[in-house]
1. What stretch of the chain, leaving out the sites themselves, is the longest with no GluC sites (Glu not before Pro) in a DSSP loop having at most 16 other Cβ atoms within 10 Å?
2. Just to be sure I understand: of the beta bridges DSSP finds with both ends in the chain, what percent are antiparallel, rounded to 5?
3. State whether region 229-340 is rounded, prolate or oblate according to the following rule on the C-alpha gyration tensor (a ≥ b ≥ c being the square roots of its eigenvalues): a/c under 1.5 gives rounded; otherwise a/b larger than b/c gives prolate, and the remaining case gives oblate.
4. What percent do you get for the relative contact order of region 175-243 when only Cα pairs under 8 Å and 6+ apart count?
5. Give the span of region 401-521's Cα atoms along each principal axis, as three whole-Å numbers ordered largest to smallest.
6. In deg cm²/dmol and to the nearest 500, what is the mean residue ellipticity at 222 nm of the chain if only DSSP H runs of at least 4 residues count, each as -39500 (n - 2.57), divided by the residue total?
7. Name the trypsin sites (Lys or Arg not before Pro) in region 439-500 that are in a loop by DSSP and that have at most 16 other C-beta atoms within 10 Å, would you?
8. Taking a probe of 1.4 angstrom, what is the accessible area of L438 in Å², to the nearest 10?
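The values are calculated or read from the model by the stated rules, or taken from the named source; none is laboratory data. Not measured: the values here are computed from a predicted model. With ideal geometry, Cβ positions are generated from the backbone for all residues, glycine too; neighbour counts draw on all protein chains shown. Accessible surface is based on the protein model in full, side chains and every heavy atom, while ligands, DNA and RNA are left aside. Shrake-Rupley method; radii C 1.70, N 1.55, O 1.52, S 1.80 Å.
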Amino acid sequence: MPAELFEQCSTIEYMIPAPPNVRPPAYVFVVDTCLREDELAACKGAITQALQMVPEYSQIGLVTFGTHVHVHELGFTECAKSYVFHGSKEYTSQQVQTQLGLGVRTPNRTPSAPAARPTGQQQAQSLQSAQQAGAARFILPLSECEFALQGVLEELQQDAFPAEAEHRPSRCTGTAIQVAAGLMAACLPQNSCAARLQLFVGGPSTVGAGKVVERQLMEPIRSHKDLAKDAAPLFKKALRFYDGLAADLVKQSHSLDVFACALDQVGLAEMKRAVERSGGNVVQVDSFGNPVFKESFRRVFETPGEPGSLNTASHATMEVIPSKDVKVSGALGPGSPIEKKLASAVADQVVGMGGTNRWRLAGLDARTTMAFFFEILAANKKDAERQNSAFFLQFITRYLSPDGSMRCRVTTVSRMWTDGNNAENLINAFDQECAAALIARLATYKMETEEDFDATRYLDRTLIRLASRFGDYRKDDAGSFTLSQALSLFPGFMFNLRRSQFVQVFGNSPDETAFCRLVLNKETTSEALLMLQPELISYQLASPEPEPVMLDVTSIHPERILLLDSYFYVVVFHGSNVATWRKQEYHLQAEHGGFKSLLEAPQAHAEQIVKNRFPVPKLVICDQNGSQARFLLARLNPSSSYSNPSGMSAEVIMTDDVSLQVFLDHLRKLAVQS
């Protein structure tokens, strides 16, 4: 029998005919020149290293920006040549193409002849000739432009218009992206190759389209408080600009990658939708010299199949086909809805990107994950026979793989209808880890799209309804409340989600929040759980093997090393005694080989985590009572705090947050009253 008929083969991938005009991957580097000299040198060095990793047939383009935008003509070999666009103006794709000499030409005609409307074939030929001309001038195979590109990078200097006193530099980030997107649309045939627009930016946009802050330093950049009070006059205008830019990128199936390397915000909160809908990547650090940026950028160009490679694919469409009594409400993730739809499969209730059952993913990789929401139609008397019968969900993904072949991956899942009043069946089918990841995506989406949305209240009410519906208890008796093992971890997930950077934005900038939510909306369930509830592992001399411990302050011990993996950073925390022994260099003495191994084991584990993750997490090595210990203490359950000290803990957390035990006690009281 064919593989499709075997129950265990729920996913089948087919190779289908590829489009006839498939071309090599394309990368257009958009480089900020309003940087300090050392920062610009580090950025150029990273790009130069990347050029040594990409195949020679890859297509490369270069755009630089500061006060103005410079499009470099790499095909002109006699000298360095570039086209300049005014940074304070907005340009349509057609205007960009016209200024670059790539506009579609109409057929020649005599002055006396009437203007004839070009046929479809003539328009296609004109468009093709314009794209070929652009490909020969601006976006070329690396083998043909490497010498010219290296020359431009070596001679690239800081912006010729330095910042005035008490002013920010004139940085036209939005205009630069707009011009680069127009260039790519002109030079690269639609849906012909995996194309990525890679932005390297070191500060906020201060002029032109997408401006996020005024040039005067006395004008602060927007904060979460400003956004909540509608006191950020530039935010909504910039958001609309980048939404339009996102539509253009998705239409061409081009992805926007942002490498934001600055101590200040760069406007990532405004760019978020453009990056997410185009399937782009984001790296946010404080400097272009930071190893996190260098290693993350290198991973983008890693050979597919190698350890750490992203295995990036492109030009994907995803379609969901449900059974008749199931409707698609929407999706959340790195994609964009397609208007063409199967009307019978679409629900009236919209969640996230709804109103369709098809989505376009301009860029995706092995980590890309979409979240889907469904509506179950109420059973009629005529449909009583659906009980104990099966229904189906089919997910069809077509994409251009890294090797240039076209693939169609079909996943078909079957589930049994069950009576909604049968709590046991529902509990046994409940995936609490998946539910936590879904609730996190949905809560952050509502925080961004609904005014006056109280995320903490929403999470609490969701958890109370679940506990009241599926808990086992006697009414008004909190002591009798118990949860099934299939639900036992979910309250802890919600407790940590309430305290996470996704919900509690105090102390974080809008750019930092946007970065964290971008990653959450893309990663797998296991990685999302690390962001919500980090993993804590203990190493000690008394135990030969590392062991997981509770994410609690009581896990800190003077003779223990803790490894915290919270996805965005990895912490190696040495207890006070271990730190003292290390400073006394016991690990360098032959008779203390066991202590040396104790120090090396968590370090090796942390390096392995860093090696296999994108974006590369920050590695923090700290000691108990040291300043960097805050990275660990901020994520631990405060069962021992200044207001409620515990004799079982070697550490006290200075916080007003309630502990997990207090949270669960309140949950029991409220659940038994419902």
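1. For GluC sites (Glu not before Pro) (loop position, at most 16 other Cβ atoms within 10 Å), the longest site-free span of the chain is 167-301.
2. Looking only at bridges with both residues in the chain, the antiparallel portion is about 65 percent.
3. Taking the square roots of the gyration eigenvalues as a ≥ b ≥ c, region 229-340 is oblate.
4. 24
5. In descending order, the Cα extents are 59, 43, 24 Å.
6. -10500 deg cm²/dmol
7. Passing sites in region 439-500 are K475.
8. Number for this one is 50 Å².
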